[in-house]
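Trainee: Here you go, one structure.
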Amino acid sequence: MTNLLFERPGKLLSFKDYEQADGFKTLKCVLDKKPQDLIDEIKKAKLLGRGGAGFPVGLKMQFVADESSDIKYIICNADEGEPGTFKDRELLRRNPLKVIEAMIIAAYAIGASKGYLYVRGEYTNIKDHIEAGIKEARQKNYLGPNIMGTGFSFDLEYRSGVGAYICGEETALIESIEGRAGDPRQKPPYTAQKGLFNKPTLVHNVETLVNLLPIMQLGAATYTTYGTEASTGTKLFSVSGFVKNKGVFEVAFGLKLSDLIKNQCQTLEAYDTIKFIQVGGSSGVVLPRDLFDIQLSYEAFKAIGANLGSGAIFVADESICILDFLKATANFFRHESCGKCTPCREGNRHISMILDKISQGQGTDKDLGLLKSTCEVMKSASFCGLGQTAPTAILSVIKYFKDELQAHIGGQCYTGACSMKGGDLHV
Amino acid sequence: MYKITINGRQASFDQAISILDAAKKMGIKIPTLCYHPDLKVKGNCRVCIVEVEGLQPLQAACLTKISDGMVIHTNNKRVRENRRLILELILANHDQTCTTCHSNGVCELQRLTEELNIKANRYDQVLEEEPIMYGNPSIVRDMNKCIKCGRCIQACNDIQEVGAIYNIGRSFEMRMGPAYDFDLSQVKCTYCGQCINVCPVGAIYEKDDIVHVLNAIEDESKHVIAQIAPSIRVSLGEMFGLAPGENVASKLPTLLRNMGFDAVFDTDFTADLTILEEGIEFLDRLENGGVLPMLTSCSPGWINYIEQFYPDLIDHLSTCKSPQQMFGALAKTYYADKIHQAPKDLVVVSFMPCTAKKFEAQRPEMGRNGLPDVDYVLTTRELGNMIKMQGYDLDHIEASDFDAPFGITTGAGLIFGASGGVMEAALRSVYEIVTGQALKEINFTQVRGLTGVKEATIDVGDIQVKVAVTNSLTNAKMILDKIRNKEADYHFVEVMCCPGGCIGGGGQPRPTNNAIRIERIKGIYSAEEKMTLRKSHENPAVKALYEEFLEKPNSDLAHKLLHTHYKNRQK
Amino acid sequence: MITKVETIVEKIGRSDDKLLEILIAVQDTSEFNYLSQASLRAVSQALDISLTRVYGTAEFYSMLSTKKRGKHVIQVCNSAPCHLQNGKEVIRIFQEILGIHMGEITEDGLFSLETVSCIGACDQAPAVRIDKEVYGNLTRSKIFNILADLKRGETHD
């Protein structure tokens, strides 16, 4: 196991402890360098965004750095709403100061003077801890005007999410900070040009930003020795489901999924009882047994037409009905759709209705066809990524678990989870 | 240079315009639904999706700008199938009882299903029936028809900055309406009806009063008279295939008499009267240190606005009633007397481009002895429907004049329908009254047109009168904020609630957009130019009215009948 | 109510973009964890934003409620990881012990029950969020104890 990002699990550092353990030393070093040098180093490190999109971070930062504006913003996206994902929770819980330090470094690189740490509203039990960290950092002149006498000024505000998965999408997040409903905006213009309050804005996931620290500390050359050619460094995988050891695992890219599950996580029952593994959260691909050996990297997933996403890993065994799983997933997207565009607002609802029908033994092949068409129109024509990726799980299941779906249409549920006679499974 | 290919055809453009605009210029039609030329582009409905080579998801043509080398398919199999699914999804959550719908025949969704040859729907109907909201005199909301395009929200929040309605909630429960699913009467709404003008379907429409008017006409004991607003004559024709701006004034008296009205009058008459009353009021304030700037008061949507949002500034309003209400008051006193008709058997029907006037007519202070001065207000749309219902059209109708005495009018009264018209009419009279001299140039073109705020300084004798003309409530708000901050350096401000003035009112034919407003405005001014009398104080019938009845502007009787007071209606 | 809201607005800032922070703070002062009509009207007045826009925006977000809830709001996660690891059973148990259905409030106004999307406690599935705490790895006895403790805490106040 690698450990570039985390403190030892269970140890919550106080500000004093962090400073003593070389906290903010990286910041001190960085402020002596030129901002463009930092961006170049990040580009050399080939860091990819860890929130889900996997976009090259150096490039994204360059876009914002190149903009001239009276004010630029940086937003740390800790709205972690993808089901199965809790890595950012851990990063923030164990050491928010690292996140703060990373934000200041990124701000310096792009010329931002104001930042927002947008943490999902449900994480209220770590809010005070984080805000205390920000306050202390300010007192120690790591934040505020003229940081450590370098002339660089940057301050940071904690913002709470308000309970909307869509606000994990960067433009919806910005809408939320601007006091409105989280309706995504059209891109282009990109947030690098017109973001928060129409100013150049860099939005990055917590994990992405924290990766800046080992890159600065070790240098890009060393950083790239971790991981694969295209996926450098480490990834935090949130593992849940039918395993003995659940939690956040920091893994260098390149490890096989099956190795992670077999060795670190260890299945509850025999490994052979694992039916599917969903990677990337509810919007992620559903892998069948013969794909469990897939390499955990962006390129390996891209090769099968999928996306590593947030790195959530949900392990399900044979007791799980594939339809029950799809219904819970569809339920989630139906509830979280912002409602703005037709395919997602209306499509999610019809998907739930058809899945219900199938799970009650009332489904027909025609329904399956309509389900597929609805998935296609959402994937092709939705306004934003939520609608576009909501059908992913269903499309995976149609591809890899057609038999079980077909069995339900024939009136059979392998696991007995579906009542098959009508009745309320709609929770 | 942007070289693009659409459906195999190439074209070059100087600017990175939207795919929708580029296609239009190339003569290629891309269907749209939530798109509206006067509103910010949203990309919600996804009807205008097209395939752009190199991009996996389909792109909304309205939102996506062209780039050099772009290859676009607007109608291949993938686009057609997805567009069809989108229409079906919309229809699955839409009340499809078109035959009884207020937008039957003018509905944009109806037209789309026809153009795209939608003949079946694979989806189950998911509409959850909601009651139709009838809780106010002006605007009805039928949310079963709403397709969530968002145009009404833009009209209410961006164009008018009123915010009576907004997006509420999320996902499939997302709806458009007032807070708590109230009726409009329970939130701050001005009944301006701009939401109606932009609705592509029949989700919002005016309260239909046609049947009441027809009943009154049938009732032998009732004497039913009509007054026609300035704007009607240059817009009604649109419902009969004529171009916007074409003047059908001469047909209206015959038409309405044929339909059974006992007399047909012209609201332009009381518009002239308003100028006299308001002109004198203004001069009085100017000379005697009254509250300035004085704000016009003939737009009831605007009155609703100031009463609810800026009640502290009510004193700035002219105390004059609107021409509609002045007419009603005179009809039930002066006219009723003249024709020996008991007021209770006199029915006054006004035809207006306006939905707020339905509310105005039923205000308690707009009546006497338990009877309203104006009994019914019908919009231009209702007039058009009423005409069609009875088998009439605008052809084969002989020209005729409006009835006397309330049918003799000047051009100054006519231009009330356009933004700047009231101000121009007032200036024409005020100038001559104060200086005693004839104006060399009676056209004050600097106050005309669609622009939101127009300013001018006119030399009237010794005084430099500073005026402003605004249309749309966003600009009204701006002026009111200026007044509150003591920064309003004007003497007199004309405020019209609706964009473009009354010709852009909430009761006008569908569609009403800025391009059409411009044509209607042109129609008003070109009709006005042809008139013999063009200044209100030269109206012989108005002069006679003062001599016979009112004595002089703002006499006790004039004050009693033609002036009013306002209320603090802040909720 | 107006003074309470004014104080919050003064502290947080009187501008449009602070609407959500203000609504969260106002809801936090409510005993029954919701935004009453009076409070929304006060916010509308304080920020000069139409009541409908304030209401409509509040209705968008799951953490804000315009309907009265319990003194303790029990939010049961129903996303896939929790749902598929006894989530249904947890819901049934809560409903049974409290004697109410999803979306309802107990007669004494103490507890209300609602489902919620993933709260990021998937490694402790099935999980629930009550007030500001997260409780995971729920069993029948755990649930019983949590509710008993909360109830006891109330009677001691």
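Trainee: Stick to the Cα atoms of the stretch B:484-523, pair each with every other, and give me the Kirkwood hydrodynamic radius in Å at one decimal.
Mentor: 11.9 Å
Trainee: Restricting things to Cα coordinates, could you compute the convex hull volume per residue of the stretch B:257-334 in Å³?
Mentor: Convex hull volume per residue, Cα atoms: 111 Å³.
Trainee: At a Förster distance of 41 Å, what's the computed FRET efficiency of B:Tyr134 paired with B:Ile442, Cβ-Cβ distance as r, to 0.05?
Mentor: E between B:Tyr134 and B:Ile442, to the nearest 0.05, is 0.35.
Trainee: A further question follows. Can you give the translational diffusion coefficient of chain A in µm²/s, computed by Stokes-Einstein from the Kirkwood radius over Cα pairs at 25 °C and 0.890 mPa s?
Mentor: Here the translational diffusion coefficient equals 109 µm²/s.
Trainee: Within the stretch B:434-534, report the GluC sites (Glu not before Pro) that DSSP leaves as loop and that have at most 14 other Cβ atoms within 10 Å.
Mentor: Loop-located and lightly packed - B:Glu441, B:Glu487.
Trainee: Separate question: As an exercise, use a Förster radius of 56 Å and the Cβ-Cβ distance of C:Lys4 and B:Glu455 to find the FRET efficiency, rounded to the nearest 0.05.
Mentor: My answer for the efficiency is 0.80.
Trainee: Mind listing the phi-derived Karplus ³J(HN,Hα) values for the stretch C:26-32, rounded to whole Hz, using 6.51, -1.76 and 1.60 with θ = phi - 60°, and x for any glycine or proline?
Mentor: 5, 5, 4, 7, 7, 5, 9
Trainee: Also, I was wondering about something else. Please report the Cα spread of chain B along all three principal axes, rounded to whole Å, starting with the longest.
Mentor: 77, 56, 48
Trainee: So, in nm, how far is label B:Asp345 from label B:Asp68 when the simple model puts each one 7 Å beyond its Cα toward the Cβ?
Mentor: It works out to 8.2 nm between the two label points.
Trainee: Quick one: Debye curve from the C-alpha atoms of the stretch A:276-392, no solvent, what's log10 I(q)/I(0) at q = 0.10, 0.12, 0.21, 0.22 Å⁻¹?
Mentor: Treating every Cα as an identical point scatterer, log10 I(q)/I(0) equals -0.31, -0.45, -1.23, -1.29.
Trainee: Suppose we take every Cα in the stretch A:102-152 and form the convex hull; what volume per residue is that in Å³?
Mentor: 75 Å³
Trainee: Mind ranking B:Asp481, C:Asp28, A:Asp403 by accessible surface for me, highest first, 1.4 Å probe?
Mentor: Result, largest first: A:Asp403, C:Asp28, B:Asp481.
Trainee: Another question, if that's okay. What accessible area, in Å² to the nearest ten, does a 1.4 Å probe give for A:His408?
Mentor: Answer for A:His408: close to 0 Å² accessible.
Trainee: Hey, if you drop one equal point scatterer on each alpha-carbon of the stretch B:515-566 and run the Debye formula without solvent, what base-10 log of I(q)/I(0) do you get at q = 0.20, 0.26 Å⁻¹?
Mentor: Debye output, listed in q order: -0.77, -0.91.
Trainee: Here's another thing I want to ask about it. Round to the nearest 10 and give me the degree value, 0 to 90, for the angle of helix B:77-91's Cα axis relative to the longest principal axis of chain B.
Mentor: For B:77-91 against chain B, the angle is about 50 degrees.
Trainee: Along its principal axes, what span do the Cα atoms of the protein assembly as shown show, with the longest given first and each in whole Å?
Mentor: Ordered largest first, the protein assembly as shown gives principal extents of 105, 75, 73 Å.
Trainee: Which of the cysteines found in chain C have nothing to pair with, since no other Cys Cβ lies under 4.7 Å from theirs?
Mentor: C:Cys118, C:Cys122
Trainee: Under a cut-off of 27 Å between alpha-carbon atoms, report the lysines in cross-link reach of A:Lys256, not counting same-chain residues fewer than 8 places apart.
Mentor: Here the lysines satisfying the reach criterion relative to A:Lys256 are A:Lys43, A:Lys44, A:Lys46, A:Lys87, A:Lys235, A:Lys244, A:Lys246, A:Lys275, A:Lys302, A:Lys399, A:Lys402.
Trainee: Put a dot 7 Å past each Cα toward the Cβ at B:Lys388 and C:Ser141; how far apart are the dots in nm?
Mentor: Taking the simple label geometry, C:Ser141 and B:Lys388 are separated by 7.5 nm.
Trainee: Using 7 Å Cα-to-Cβ label points, what is the A:Gln217/A:Lys402 separation (nm, one decimal)?
Mentor: Going from the A:Gln217 label point to the A:Lys402 one covers 5.0 nm.
Trainee: Using 0.36 nm per residue of separation minus the Cα-Cα distance, give me the extension gain between B:Val291 and B:Asp312 in nm, one decimal.
Mentor: Roughly 6.3 nm would be gained on extension.
Trainee: Okay, helix-only estimate at 222 nm for chain B: each DSSP H run of n ≥ 4 adds -39500 (n - 2.57), divide by all residues, round to 500 deg cm²/dmol; what do you get?
Mentor: -8500 deg cm²/dmol
Trainee: Turning to a different aspect of this structure: Output the antiparallel fraction of DSSP beta bridges having both residues in chain B, as a percent to the nearest 5.
Mentor: Beta bridges within chain B, antiparallel portion: roughly 55 percent.
Trainee: Could I ask something else about it? Taking a temperature of 4 °C and a viscosity of 1.567 mPa s, what whole-number D in µm²/s does Stokes-Einstein yield for the stretch B:1-118 with Rh from Kirkwood over alpha carbon pairs?
Mentor: 85 µm²/s
Trainee: Taking GluC sites (Glu not before Pro) as candidate sites, keep only those in a DSSP loop with at most 11 other Cβ atoms within 10 Å, then name the longest stretch of chain C containing none of them.
Mentor: The longest such stretch corresponds to C:32-106.
Trainee: Here is a further query. Heads up, I need the accessible area for A:Arg93: 1.4 angstrom probe, whole protein in place, Å², nearest 10.
Mentor: Roughly 80 Å² of A:Arg93 is accessible to a 1.4 Å probe.
Trainee: For the stretch B:30-69, compute the orientation-averaged projected area of the C-alpha convex hull (one quarter of its surface), in nm².
Mentor: That works out to 3.2 nm².
Trainee: With r as the distance between the Cβ atoms of C:Asp28 and A:Lys25 and R0 = 25 Å, compute the FRET efficiency 1/(1 + (r/R0)^6) and round to 0.05.
Mentor: 0.10
Trainee: Could you work out the pair-distance distribution P(r) of the stretch B:216-358 from its alpha-carbon pairs, with 10 angstrom bin width and percents rounded to whole numbers?
Mentor: For the stretch B:216-358, the binned pair fractions read 11, 32, 33, 20, 5, 0 percent.
Trainee: Could you tell me the ratio Rg/Rh of the stretch A:156-294? Both radii from Cα atoms, Rh via Kirkwood.
Mentor: Taking Rg over the Kirkwood Rh, I get 1.05.
Trainee: Quick one: Cα centre-to-centre distance for the stretch B:237-263 and the stretch A:379-424, in angstrom?
Mentor: 60 Å
Trainee: Rounded to the nearest Å, what's the spacing between the alpha carbon centres of the stretch C:62-136 and the stretch B:529-550? Just the number, please.
Mentor: Centre-to-centre (Cα) distance: 75 Å.
Trainee: According to the square roots a ≥ b ≥ c of the eigenvalues of the Cα gyration tensor, what is the shape class of the stretch B:459-545, taking rounded for a/c under 1.5, prolate for a/b larger than b/c otherwise, and oblate for the remainder?
Mentor: oblate
Trainee: Would you give the gap between the C-alpha center of the stretch A:66-104 and the C-alpha center of the stretch B:377-394, rounded to a whole Å?
Mentor: Here the answer is 62 Å between Cα centres.
Trainee: Determine which residues of the stretch A:279-321 fall in the zone a paramagnetic label at A:Asp259 would reach in this model, i.e. backbone nitrogen under 17 Å from the point 7 Å along Cα→Cβ.
Mentor: Under cut-off, by backbone N: A:291-301.
Trainee: On to the next question. Roughly how much of A:Arg334 is accessible, in Å² to the nearest 10, using a 1.4 Å probe?
Mentor: We get 40 Å² for A:Arg334.
Trainee: Only bridges whose two residues both fall in the stretch B:450-571 count here: according to DSSP, what percent of them are antiparallel, nearest 5?
Mentor: Counting DSSP beta bridges with both partners in the stretch B:450-571, the antiparallel share is about 60 percent.
Trainee: What trypsin sites (Lys or Arg not before Pro) does the stretch B:37-109 have in DSSP loop regions with at most 10 other beta carbons within 10 Å?
Mentor: In loop regions of the stretch B:37-109 (DSSP not H, G, I, E or B), the sparsely surrounded trypsin sites (Lys or Arg not before Pro) are B:Lys40.
Trainee: Return the loop-located GluC sites (Glu not before Pro) in the stretch B:284-369 (DSSP other than H, G, I, E, B) with at most 10 other Cβ atoms within 10 Å of their own Cβ; answer none if there are none.
Mentor: none
Trainee: Follow-up. Could you check what % of the DSSP bridge pairs in chain A are antiparallel, to the nearest 5?
Mentor: Restricted to chain A, the bridges split so that about 50 percent are antiparallel.
Trainee: Which value, to two decimals, describes the C-alpha radius of gyration of the stretch C:75-157 once divided by 2.2 N^0.38 Å?
Mentor: Here the Cα radius of gyration is 1.03 times the empirical estimate.
Trainee: Quickly estimate the mean residue ellipticity at 222 nm for chain A, helices only: each DSSP H run with n ≥ 4 gives -39500 (n - 2.57), and the total goes over all residues, rounded to 500.
Mentor: Mean residue ellipticity at 222 nm (helix-derived): -11500 deg cm²/dmol.
Trainee: If you don't mind, there's one more thing I want to ask. Average the reciprocal distances over every distinct pair of alpha-carbons in the stretch B:112-160, invert the result, and give the Kirkwood radius in Å.
Mentor: 13.9 Å
Trainee: Please report, in cubic angstrom per residue, the volume enclosed by the convex hull of the alpha-carbon atoms of the stretch B:36-100.
Mentor: It comes to 122 Å³ per residue, whole-number rounded.
Trainee: Checking the table B:Lys25/B:Lys119; A:Lys379/C:Lys18; A:Lys199/C:Lys132; B:Lys148/C:Lys88; A:Lys340/B:Lys207; A:Lys135/C:Lys132 against a 32 Å threshold on Cα-Cα, which pairs fail?
Mentor: With Cα atoms farther than 32 Å apart: A:Lys379/C:Lys18; A:Lys199/C:Lys132; B:Lys148/C:Lys88.
The values are calculated or read from the model by the stated rules, or taken from the named source; none is laboratory data. These numbers were taken from a predicted model, which means no experiment stands behind them. Positions of Cβ are backbone-derived with ideal geometry, glycine not excepted, and every protein chain shown enters the neighbour counts. These accessible areas exclude ligands, DNA and RNA; they are computed on the full protein's heavy atoms, side chains included. Shrake-Rupley method; radii C 1.70, N 1.55, O 1.52, S 1.80 Å.
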